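*Asks:* Provided herewith is a single structure, encoded as structure tokens, for subsequent inquiry.
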Amino acid sequence: MTRHDIIDRVIKELQGDLPAVSRPYQVVAERIGLSEEEVISVLDGLREKGMLKRVGAVLRHQKVGYDANAMVVWKVAEEDMDRVGNLMADSPQVSHCYWRETPAGWPYNLFTMIHARSREELKAVILELSRMSGIDEYRVIESVKELKKTSVQYR
Amino acid sequence: MDQIDVKILNYLQEGITLSPRPFLDMARELGISEETILARIEALRNRGLIRRLGGVFDSPQMGMKSTLCAMEVPEARIQEVAEKVNAYHEVTHNYLRDDPYNMWFTVTASSREDLERILQEIESDTGIKVISMPVRQRYKIKVAFALND
């Protein structure tokens with residue numbers, strides 16, 4: 001295997017599920033035909049390059065008590081975007097905060113995903129973000145149904 | 001969920017170590033035995049609280065191109081359109097939402113060309129316009145839920 005193949009195989013294994021065993025990287029290494037040390041060194045390299053954020057758990061947020069969620073979109077002037085974007089990003093209830101390019105007819109350019117444990121908390125968080133930022137043109141777009149949720153396939 | 005589960009989930013969201021015994025490192029930090037941690041992780045998985053334990057990658061850093069899309073789908077066509085959209089493995093999230101634009105999905109592809117092709121295919125397969133809203137600036141992406149019991 002070339003270095004490139006090795007990295008590819010490690011990414012492929014890590015985008016799946018890691019076994020809950022004492023030496024999980026050893027299990028991955030055996031599947032690929034590498035040593036545990038090599039697998040860890042590839043992961044270290046990917047992390048240094050910023051390609052791997054972490055090896056960790058992704059939770060089902062509804063099941064851990066965060067079942068009031070909404071996408072809230074805000075209309076923010078471009079010159080004011082960094083201030084508002086960074087302010088909203090600071091809120092622990094905001095998981096995603098992105099400035100997006102939007103088509104004509106869609107005035108809301110700052111997108112946030114907000115997670116709360118109740119409808120009341122959700123409403124309070126949104127009002128607080130609006131008050132702190134001074135942005136009062138926004139739309140709360142709630143999800144009605146999850147139609148698909150998977151991970152990106154990198155390799 | 002008891003206090004041990006909460007500790008485990010909070011830790012796992014931040015990430016395990018890249019060392020030969022990551023759960024032993026975790027055990028030492030949390031003051032819970034490695035054996036208990038492994039058994040609890042298995043149980044949390046089986047109960048569906050953990051969706052996945054694995055690598056969390058940064059898709060732009062991985063060279064991927066992505067966008068958020070929305071469509072205005074007539075009520076009667078939701079299932080049919082969802083099937084067409086979801087058929088692409090590049091579509092990772094798709095939600096029905098309470099808005100005139102009622103179908104919102106993300107597409108993450110390995111090149112800008114693939115991304116454009118998929119959006120065009122969805123438009124021509126369904127006859128419904130797809131609006132695309134790619135990121136200009138990321139201020140935050142941190143999907144971690146502070147848990148307490």
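*Asks:* Can you compute the label reach from A:K63? Point 7 Å from Cα along the Cβ direction, backbone N cut-off under 20 Å, restricted to the stretch B:1-44.
*Replies:* B:1-16, B:36-44
*Asks:* What are the residues whose amide H is under 5 Å from the amide H of A:R54, where those residues sit 5 or more places off or on another chain and H is modelled from the backbone?
*Replies:* Long-range HN contacts for A:R54: B:V56.
*Asks:* State log₁₀ I(q)/I(0) for the stretch B:1-76 at q = 0.16, 0.20, 0.24 Å⁻¹ as given by the Debye formula over alpha-carbon point scatterers of equal weight, solvent excluded.
*Replies:* Evaluating at q = 0.16, 0.20, 0.24 Å⁻¹ gives log10 I(q)/I(0) of -0.69, -0.88, -1.12.
*Asks:* Taking the Cα centre as origin and putting +1 on Lys and Arg beta-carbons and -1 on Asp and Glu beta-carbons, what dipole magnitude results for chain A, to the nearest 20 debye?
*Replies:* On the way: 23 positive and 24 negative charges, 106 e Å.
The dipole of chain A has a size of about 500 debye.
*Asks:* Sticking with this one: Taking neighbour counts of Cβ atoms within 10 Å as a proxy for exposure, in what order, fewest first, do B:C69, A:C97 appear?
*Replies:* Working: B:C69 23, A:C97 26.
Ascending Cβ contact count within 10 Å gives the list B:C69, A:C97.
*Asks:* Sticking with this structure for a sec: Got a sec? Charge dipole of the stretch A:4-143, +1 on Cβ for Lys and Arg, -1 for Asp and Glu; which of A:G105, A:A70, A:V84 is way out at the positive end?
*Replies:* So the residue furthest toward the plus end is A:A70.
*Asks:* Could you state the principal axis extents of the C-alpha atoms in the stretch A:1-124, from the largest down, to the nearest angstrom?
*Replies:* Reported extents, whole Å, longest axis first: 52, 33, 24.
*Asks:* Just name one of B:T67, B:L9, B:I32: the one whose Cα is farthest towards the positive end of the charge dipole of chain B (beta-carbon charges, Lys/Arg +1, Asp/Glu -1).
*Replies:* B:I32
*Asks:* Report the dimensions of the stretch A:1-47 along its three principal axes from the alpha-carbon atoms, largest first, rounded to Å.
*Replies:* Its Cα atoms span 28, 18, 16 Å along the three principal axes.
*Asks:* Could you quote the convex hull projected area for the protein assembly as shown, Cα atoms only and averaged over all directions, in nm²?
*Replies:* On the way: hull surface 67.5 nm².
So the Cα hull casts an average projection of 16.9 nm².
*Asks:* Still on this structure: What value does chain B have for Rg/Rh, both radii from Cα atoms and Rh as Kirkwood defines it? Provide the component values of the computation, followed by the final result.
*Replies:* Working: Rg = 19.9 Å, Rh = 18.3 Å.
Answer for chain B: 1.09.
*Asks:* Would the stretch A:29-92 count as rounded, prolate or oblate if I go by the C-alpha gyration tensor, calling it rounded below 1.5 in a/c and otherwise prolate when a/b exceeds b/c, oblate otherwise?
*Replies:* On the way: a/c = 4.45, a/b = 1.86, b/c = 2.39.
It comes out oblate by the Cα gyration axes.
*Asks:* In addition: For the protein assembly as shown, give the magnitude of the charge dipole about the Cα centre (Cβ charges: +1 Lys/Arg, -1 Asp/Glu; no others), in debye to the nearest 20. Walk me through the intermediate numbers first.
*Replies:* Details: 42 positive and 47 negative charges, 46 e Å.
It works out to roughly 220 debye.
*Asks:* OK, next. Counting other Cβ atoms within 10 Å, keep those with at most 15, restrict to DSSP loop, and tell me which chymotrypsin sites (Phe, Trp or Tyr not before Pro) in the stretch B:1-106 are left.
*Replies:* Details: sites: B:Y11, B:F23, B:F57, B:Y88, B:Y95, B:Y101, B:W104, B:F105; in loops: B:Y88, B:Y101.
Within the stretch B:1-106, the qualifying chymotrypsin sites (Phe, Trp or Tyr not before Pro) (loop, at most 15 other Cβ atoms within 10 Å) are B:Y101.
Throughout, read-outs are computed from the coordinates displayed, never taken from laboratory work. Quantities reported herein were computed from a predicted structural model and do not represent experimental measurements. Virtual Cβ from ideal backbone geometry, glycine too; neighbours counted across all protein chains shown.
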